[in-house]
Every structure is written in C-alpha cells, then in structure tokens.
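Q: Below is a structure I'd like to ask you about.
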Amino acid sequence: MISAPVRRSVWLRGAVSAAILAYLISRIDVGAAFTALVQVSPIHLVAVLVLVGFDRGVMISRWLLVLRSSGQQVALKSVAWIFLVSSFVGSALPASVGGDAARAYTLSRRTNDASEAIASVAIDRLFGVLSLAVLASVGVVTWGTSTDALPAEAIWTAALAVGAGCTSVFWADRVLGRLVPTTWHESRLGIELIGLAEALSRYRNRRPALAGVFVLSVLVQLLRVVQAYLLGLGLGLDVSLGYYLVFMPVGLLMLLLPVSIAGFGLPQGTIVWLLRPQGVPDSLSFALSTLIILTGLAGNLPGAWLYARSKGQ
C-alpha cells in the first residue's frame, strides 16, 4: 500500500505537471503540434527506439559495474529485472526519484543491506548528473560562447557547481561525522545516516570502477542527445547537433527533478524555451519534447511486461 505522504506527493506533482502542460497548450498551436507528432518520420522514430533499447542496456551495465565494485554479487538477470521493473514503476511516480527509490528498496530486500543498496543507486545517479554537466560544457565549446537563452558563463558555473557537489559526496562520512551531533550517533536515524555516508565514501577508493561508470554515463547521455537530434530531424527541425549538446542536458536535468510525473510538464516547457533562440516554432518544440518523453516511456515497456509476469506467477 502506498503511504499517505507518497500519495500527497504524487498528487502535488501531478498538479504541477498538469498546470505547466495547460499553460503550454494555451500558448501553442495544438493542431500543428499534433500534426507534427503523427507525421514524424517513421525511419527516424524506429532508429530512436533502437537507441532507447541500447541505452537501457548501457544503464544496466553501469549499475552492475557499481554493484560489482562494492562487492555485491547480484546476478545480471536480477540487476536487469530490478532496473527495468523499477523504471516502469517509477513512470507513475515523481520524475526519476520514484524509480530510484523502487530500485534501492527492491535491491535492499534481496541483499539485506539497505545502506549499500541506496549508495549504489545514488552513485549511479550521481554519475548520470555529472555526465550531463560534462556534455553541456562540451556543447558550449562546440556551439559557441553563448546563446540568448543560455549564456556560456551560466553553463560553466552550473557545471562546476555540479562537479563540486558530486565530488563532495565521496567525503560524506567526514561531513556527516561533523554535522551529526554525537548524541545522535546511537539513535536509529543516526546509525542509518552514518551507515549510508560510510557506504558512499567507500566508493572514493574504487577509482578504476568509477572511471568505467563515468564513461558509461557519458555514453548514455550521448545516446539520449542523439535520440533527441534524430527526433528533431524526423520533425524537420533545422538545429545543429552542437546545440542539442547545449540544451538537452538542461532538459534531461529537468527530467530528474521531482516536480513532474513521468517527465511531463517542466521538461517540456524547458525544451520549448531553449529552442526559441533557434527559431523553432513552439508547436514543433513541444512535439519534440513530447516525443522524447514518449520514446523514453516506451523503453519502460519491458519492465511493464516483467512486472505483469511476476504478478501472474
């Protein structure tokens, strides 16, 4: 049974998604957007769906590498099942947070080690965010010094802030040791927080594995940028791949924020806003953002099948 706080959170974020969607729809030519959606090039759409399946495989491999580096000998089949089913379950929950929570919970039930389970998911997600910052920086270099919507200085500042924040996680044990009062160390909450901080901090000594995780993370985000680029081509958008490297990491970061359901709402509004400097009509950029979300949800369908199969058994 879903707890009351979770239900309230889902309703709240659902309301936020609905409000932003209602605003966007009131500002665009809905008929033109729908026409663009149904007339997207089938060849480009099929190519994107193939890449979606490939990026799911890379993400599973990335998480498996994180787990192996921590000594958790979970079978590949189990890792794939947990990842795919959790991604499907998370589709109805706030952004990626719901899927990550389901993933950590399911793994902790199978391994009886909640701290390591949460830490593995956190590290996996952390490198996903870090790779977005790296791609945005590459996009600035390849595209140019600035854009009307995203000044280069803002991107560099945000990338450095993300890098510093991600790096600090590996010293969570020292930070938390100083912040948590000594009197709390024996409490249940204190023990859980310190255990999680220690689990996270142990990853700073696993540099070869983390290097591999980072490479796979960059590959995943590149695949997503290419997917968006191909969908744009399928819609007839005349936008260079370099600019996709600038705006797509921002759009993907909006997908990670727990303020929408299944990615609808804020990420779409962000993509519409960021494509305006390129002269893309709002109806087409809205169609593109919708296709990005729908093809991502299509990647969760294997998880739906696995979930239904497990319930049937």
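Only the coordinates and a few stated rules stand behind these numbers; no lab work does. All of these numbers come straight from a predicted model, not from anything done at the bench. Positions of Cβ are backbone-derived with ideal geometry, glycine not excepted, and every protein chain shown enters the neighbour counts.
Q: Where does the chain land at 222 nm, in deg cm²/dmol rounded to the nearest 500, when only DSSP H runs of n ≥ 4 count, each adding -39500 (n - 2.57), divided by all residues?
A: Details: 14 runs with 246 residues, N = 313.
Estimated from H runs of four or more residues: -26500 deg cm²/dmol.
Q: Can you list the residues, at least 5 places off or on another chain, whose amide H is less than 5 Å from the amide H of ILE261, using H built in the peptide plane?
A: SER17, ALA95
Q: Give me the one-decimal nm value for the distance between modelled label points at ALA32 and ARG204, 7 Å along each residue's Cα-to-Cβ direction.
A: Distance between label points: 5.3 nm.
Q: In whole Hz, what ³J(HN,Hα) sequence does the range 109-120 give by Karplus (6.51, -1.76, 1.60; θ = phi - 60°), x for Gly and Pro?
A: 5, 8, 10, 6, 9, 5, 4, 5, 5, 5, 4, 5
Q: Pull out a ≥ b ≥ c, the square roots of the eigenvalues of the alpha-carbon gyration tensor of the range 188-276, then state rounded if a/c is under 1.5, prolate if not and a/b is larger than b/c, and oblate in the remaining case. Before the final figure, lay out the partial values.
A: On the way: a/c = 3.99, a/b = 1.81, b/c = 2.21.
Oblate is the answer for the range 188-276, as a/c is 1.5 or above yet b/c matches or exceeds a/b.
Q: Let me ask something additional. What is the gain in length, in nm to one decimal, between ALA18 and ALA161 on full extension, counting 0.36 nm per residue of separation less the C-alpha to C-alpha distance?
A: Values: separation 143, 0.36 × 143 = 51.48 nm, distance 3.07 nm.
Roughly 48.4 nm would be gained on extension.
Q: Taking every alpha carbon pair in the range 231-313, what does the distance histogram look like in 10 angstrom bins from 0, in percent?
A: Histogramming the range 231-313 at 10 Å steps yields 17, 45, 24, 10, 4, 0 percent.
Q: Let me ask something else about it. Using 1/(1 + (r/R0)^6) with R0 = 22 angstrom and r between the beta carbons of VAL50 and ALA211, what's the FRET efficiency to the nearest 0.05? Write down the numbers at each step before the final one.
A: On the way: r = 28 Å, r/R0 = 1.26.
The pair VAL50/ALA211 has a calculated efficiency of 0.20.
Q: Let me ask something else. Would you mind calculating the relative contact order of the chain from Cα pairs under 8 angstrom and at least 6 residues apart, reporting the percent as a whole number?
A: Working: 394 pairs, mean separation 105.4, N = 313.
Reported as a whole number, the value is 34 percent.
Q: Set the Förster radius R0 to 35 Å, insert the Cβ-Cβ distance between LEU306 and SER240 as r into 1/(1 + (r/R0)^6), and round the FRET efficiency to 0.05. Mind showing how you got there, number by number?
A: Details: r = 39 Å, r/R0 = 1.10.
For R0 = 35 Å, the calculated efficiency reads 0.35.
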